[in-house]
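Every number in this text was worked out from the coordinates using simple rules, so none of it is lab data. Quick caveat, the model's predicted, so the values are computed rather than measured. Using ideal geometry, Cβ is built from the backbone for each residue, glycine included, and neighbour counts are taken over all protein chains shown.
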Amino acid sequence: QLQLQESGPGLVKPSETLSLTCTVSGASIGSSSYYWGWIRQPPGKGLEWIGSIYSSGTTYYNPSRKSRVTMSVDTSKNQFSLKVRSVTAADTAVYFCARHLRPDGFDYWGQGNLVTVSS
Amino acid sequence: QSALTQPASVSGSPGQSITISCTGTSSDVGGYNLVSWYQQHPGKAPKLMIYEGSKRPSGVSNRFSGSKSANTASLTISGLQAEDESHYYCCSFAGASTWVFGGGTKLTVL
């Protein structure tokens with residue numbers, strides 16, 4: 001059974017960089033033909049696609065977030081990661097990682113990691 | 001890239017059918033048959049209910065169905081049950097390898 005698990009700090013200071021990692025178990029990212037994505041959800045609000053990455057490192061980003069976001073993949077650890085630079089309170093959200101059935105939706109999700117931006 | 005438009009809330013009684021709409025443009029919903037729907041209970045991760053507009057993943061009840069007309073996709077839940085009370089989100093491919101979600105709809109089972 002495929003499982004995804006986000007990990008990272010729950011509190012980040014304004015202007016710093018938010019870093020999260022998603023560990024995949026039950027399947028190999030490197031030998032998979034799927035993409036892997038990040039989606040976030042501010043408290044009490046809707047979902048927002050942040051970006052997706054393939055095992056080769058090919059990335060696709062939400063145009064409105066592209067200037068501050070970087071995704072990477074480590075197939076040896078079966079993980080992929082997200083960095084958001086220069087965070088503000090508006091970046092406070094639950095961050096989900098998911099398997100991306102590109103060009104369609106997302107079928108397996110992690111449980112989510114709440115990140116609060118505050119000094 | 002703007003969020004897809006969903007009604008903030010819908011409601012129905014047990015046994016009834018309800019439909020949740022998801023309106024976009026010809027650049028997203030109307031341009032591709034790539035709309036997915038998600039159910040999200042409070043504090044939980046979203047669950048994929050419909051993909052490619054009308055296909056159900058294994059294990060999803062056939063009470064859930066999806067369709068599309070022009071720039072509007074719809075999720076219909078028939079034989080409404082108490083456990084269906086949740087938030088529902090649509091998502092569409094928006095071209096140029098980008099994806100956009102709807103604002104979400106809260107379904108209340110009366």
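Across the alpha-carbon atoms of chain B, the computed radius of gyration and Dmax are 13.1, 41 angstrom. When you restrict to C-alpha pairs under 8 Å that are six or more residues apart and normalise by the size of region A:36-119, the relative contact order lands at 28 percent.
Legend: mean number of C-beta atoms from other chains within 10 angstrom of residue C-beta atoms, peptide B:87-96, equals 3. Taking the Cα centroid of region B:31-63 and of region A:68-119, what is the distance between the two, rounded to the nearest whole Å? Using only Cα atoms, the two centres lie 20 Å from each other. Packing-based ranking of A:1-12, B:75-86, A:99-110 yields A:99-110, B:75-86, A:1-12, ordered from highest to lowest mean Cβ neighbour count within 10 Å. All distinct Cα pairs of chain A go into the 1/r average, and the inverse of that average, the Kirkwood radius, is 14.2 Å. For region B:43-110, which trypsin sites (Lys or Arg not before Pro) pass both filters: DSSP loop (anything but H, G, I, E, B) and at most 15 other C-beta atoms within 10 Å? Here the sparse-neighbourhood loop sites are B:Lys44, B:Arg63. Legend: Rg and Dmax of the protein assembly as shown, from Cα coordinates, 17.2, 51 Å. Close amide H partners of A:Leu114, meaning residues 5 or more places away or on another chain with modelled amide H under 5 Å apart, are A:Tyr95.
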